[in-house]
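S.K.: Quick one: structure below, then a few questions.
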Amino acid sequence: MSETRVGIAKTYKLYIGGAFPRSESGRSYQVNDPKGKFLANVAQASRKDARDAVSAARKAFGGWS
């Protein structure tokens with residue numbers, strides 16, 4: 001009996017307000033250095049994700065400024 005493994009796509013997350021939420025788009029992309037060497041996979045944020053990040057930063061600003 002032969003076992004076949006099913007590939008599962010890795011879910012990359014954002015860091016917003018001290019938490020790691022999934023991006024709304026669910027998409028990610030690869031980042032390479034100028035020579036083309038792989039550096040990382042990162043989540044692609046949507047406009048809503050960006051608004052959430054700005055909102056979280058504004059909330060935290062008073063505590064660390």
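S.K.: Checking the conditions here, which among Arg5, Arg58, Arg22 is basic (Lys, Arg) and surrounded by 12 or more Cβ atoms within 10 Å (Cβ to Cβ)?
M.R.: When all the criteria are applied, what remains is Arg22.
S.K.: Right, another one. What number of residues in the range 19-44 are among the hydroxyl-bearing types (Ser, Thr, Tyr) and part of a strand (DSSP E or B)?
M.R.: Qualifying residue count for the region: 2.
S.K.: Out of the residues in the range 32-45 that are under 26 Å from Ala56 (Cβ atoms) and open to solvent by 50 Å² or more (accessible area, probe 1.4 Å), state the one that is modelled with the lowest pLDDT.
M.R.: Among residues in the range 32-45 that are under 26 Å from Ala56 (Cβ atoms) and open to solvent by 50 Å² or more (accessible area, probe 1.4 Å), the one modelled with the lowest pLDDT is Asn41.
S.K.: Moving to a separate point now. Starting from the range 19-31, keep only residues that are at positive phi, then list their pairs with residues that are surrounded by fewer than 12 Cβ atoms within 10 Å (Cβ to Cβ) whose Cβ atoms are within a distance under 8 Å, requiring at least 6 positions of separation or different chains.
M.R.: Final answer for the pair search is Gly26/Thr11.
S.K.: Pull out all pairs, ordered by first then second residue, where Cβ-Cβ is under 7 Å, the residues are six or more apart or on different chains, the first lies in the range 41-65 and is under 16 Å from Arg27 (Cβ atoms), and the second is of a type in the set (Phe, Trp, Tyr) and surrounded by 10 or more Cβ atoms within 10 Å (Cβ to Cβ).
M.R.: Asn41/Tyr12; Val42/Tyr12; Val42/Tyr29; Ala43/Tyr12; Gln44/Tyr29
The values are calculated or read from the model by the stated rules, or taken from the named source; none is laboratory data. Bear in mind the structure is a predicted one, so any value in this text is a computation, not a measurement. Counting neighbours? That spans all protein chains shown, and the Cβs are built from the backbone with ideal geometry, glycine included. The accessibility values were calculated without ligands, DNA or RNA, using every heavy atom of the protein model including side chains. Shrake-Rupley method; radii C 1.70, N 1.55, O 1.52, S 1.80 Å.
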